[in-house]
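S.K.: Let me begin by handing over the structure; questions about it come next.
The values are calculated or read from the model by the stated rules, or taken from the named source; none is laboratory data. In this text, all values refer to a predicted model and were calculated from it rather than measured experimentally. Because the Cβ atoms are built from the backbone with ideal geometry, glycine has one as well, and the counts that use them run over all protein chains shown. For accessibility, only protein heavy atoms count, side chains too; no ligands or nucleic acids. Shrake-Rupley method; radii C 1.70, N 1.55, O 1.52, S 1.80 Å.
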Amino acid sequence: MADHSGKNFPTPTKETAPYWEGCRNHQLVIQQCLKCEYYQFYPRMICTHCSHDHMDWVTVSGNGRVVSFTVIRRPISPAYKAEAPYVVALIKLDEGPTMMSNIVECEPEKVFIGMKVNVVFEDWSEGISIPKFVPQK
């Protein structure tokens, strides 16, 4: 496992714990409404589509497309220096929600709007794995 000390580690909360548990198991899980079946990300207490208050956690494909991105050439702290330049992107999942992540295993200059991507997981510690995306093959 690479050294990730000094990075901004997420702190799971009651609302986000199932998401981070899925990531730790290398599965992308998001909420789905039990009434209207709408998928949503980030985790919330009610459905943002129909306001129903019963949400379930489901494993999704991890497939999506880049809808926007930027290349970070000046890292936010010394902990990210080895990764620069790196891509921060908005990924629209095939199931509908959009999430922010990194595009990895690809030169920043080769990333483009509409690029098909798949989720991978980067283990930062025993308890935290971060979802990132690679170009679809």
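S.K.: Quick one: which of T59, T48 is touching a helix residue (DSSP H, G or I) at 6+ places or on another chain (Cβ under 9 Å) and open to solvent by 70 Å² or more (accessible area, probe 1.4 Å)?
M.R.: T59
S.K.: Another question, then. Let me confirm something: among F112, F121, which residue is aromatic (F, W, Y), under 28 Å from Q32 (Cβ atoms) and in contact (Cβ under 8 Å) with a residue 40 or more places away in the chain? Steps first, please.
M.R.: Values: F112 fails: under 28 Å from Q32 (Cβ atoms).
Being aromatic (F, W, Y), under 28 Å from Q32 (Cβ atoms) and in contact (Cβ under 8 Å) with a residue 40 or more places away in the chain holds for just one of F112, F121, which is F121.
S.K.: I've got another one for you. Select, from S51, S5, S77, the only residue that is on the phi > 0 side of the Ramachandran plot and more than 16 Å from the chain's Cα centre (by Cα).
M.R.: Just one listed residue meets the conditions, S51.
S.K.: OK, next. Kindly provide the set of residues from the range 109-134 that are in contact with a helix residue (DSSP H, G or I) (Cβ under 8 Å, 6 or more places away or on another chain) and part of a strand (DSSP E or B), ordered by number.
M.R.: Once the filter is applied, which keeps residues that are in contact with a helix residue (DSSP H, G or I) (Cβ under 8 Å, 6 or more places away or on another chain) and part of a strand (DSSP E or B), the range 109-134 yields F121, S129, I130, P131.
S.K.: Restricting to strands (runs of 3 or more DSSP E) lying wholly in the range 1-108: which have 1 or more residues that are in contact with a Cys (Cβ under 9 Å, 6 or more places away or on another chain) and at pLDDT 95 or above?
M.R.: In the range 1-108, the matching strands (runs of 3 or more DSSP E) lie at 29-33, 55-59, 86-93.
S.K.: Still on this structure, I have one more. Does at least one position in the range 78-85 carry a residue that is under 24 Å from G127 (Cβ atoms), surrounded by 15 or more Cβ atoms within 10 Å (Cβ to Cβ) and out of contact with any helix residue (DSSP H, G or I) (no Cβ under 8 Å at 6 or more places or on another chain)?
M.R.: yes
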